[in-house]
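Engineer: My questions will all concern the structure given below.
The values are calculated or read from the model by the stated rules, or taken from the named source; none is laboratory data. Quick caveat, the model's predicted, so the values are computed rather than measured. Positions of Cβ are generated from backbone atoms using ideal geometry, with glycine treated the same way; all protein chains shown enter the neighbour counts.
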């Protein structure tokens, strides 16, 4: 089945299309995820990321115009996000165990963790766009091209994402 026909089935919410997608692209997704986080993550973490990738594709099929590029970009970015989370958790555990962190550093880490969670709560593809633009410093044109969406879509998702993050953090000022 061609990617175009497969994408049509996904957009129609055809579960058979999802099964075909998983069968066709599991090795591709698994390779990207393993090459990105395999040395740092447990097997369960890799499985979780792969599952999250296929769920993101299923949930956002209507926004996808080029399937394989979207799968590759989503796989890489979700794996990198998981790696960041693993590294932050490991670093925090190491520092706390060594007693090297001050109260201010622990507080800063907690704020960083809350921000990271808030960004992830934006959902896909907003979360991916936000990370790619602000953390990976990718250009809007490149993000739009890789995700197969319009430049204006990327810009509006960034704007709405900032508004949502601002509201989220304003609600939680008491915790910071």
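Engineer: Scanning for something at positive phi and surrounded by fewer than 20 Cβ atoms within 10 Å (Cβ to Cβ), does segment 36-58 turn up at least one residue?
Structural biologist: Taking segment 36-58 first, the residues at positive phi are none.
No, segment 36-58 contains no residue that is at positive phi and surrounded by fewer than 20 Cβ atoms within 10 Å (Cβ to Cβ).
Engineer: Ok, one more. Considering 162, 139, 78, which residue is at pLDDT 75 or above and within 22 Å of residue 46 (Cβ to Cβ)? Outline the logic, then answer.
Structural biologist: Details: 162 fails: within 22 Å of residue 46 (Cβ to Cβ); 139 fails: within 22 Å of residue 46 (Cβ to Cβ).
None of the other options fit; the residue is 78.
Engineer: Might you check whether a residue that is closer than 18 Å to residue 125 by Cβ, in a loop (DSSP other than H, G, I, E, B) and either at pLDDT 90 or above or touching a helix residue (DSSP H, G or I) at 6+ places or on another chain (Cβ under 9 Å) (or both) occurs anywhere in segment 12-21?
Structural biologist: Of the residues in segment 12-21, the ones closer than 18 Å to residue 125 by Cβ are 13, 18, 21.
After this cut, where a residue has to be in a loop (DSSP other than H, G, I, E, B) as well, the list is 13.
Then drop every residue that is not either at pLDDT 90 or above or touching a helix residue (DSSP H, G or I) at 6+ places or on another chain (Cβ under 9 Å) (or both), which leaves 13.
Yes, that holds for at least one residue.
Engineer: Would you check which residues across segment 145-162 are without any contact (Cβ under 8 Å) to a residue 60 or more places away in the chain and not in a helix (DSSP H, G or I) and list them?
Structural biologist: Listed by number, the list holds a single entry, 150.
Engineer: For residue 107, work out the one condition from (1) touching a helix residue (DSSP H, G or I) at 6+ places or on another chain (Cβ under 9 Å); (2) modelled with pLDDT under 85; (3) surrounded by fewer than 17 Cβ atoms within 10 Å (Cβ to Cβ); (4) farther than 30 Å from residue 12 by Cβ it doesn't fulfil.
Structural biologist: (1)
Engineer: How many residues are modelled with pLDDT of 80 or more and loosely packed, with under 15 Cβ neighbours inside 10 Å when one looks only at segment 114-133?
Structural biologist: The number of residues fulfilling the criteria is 0.
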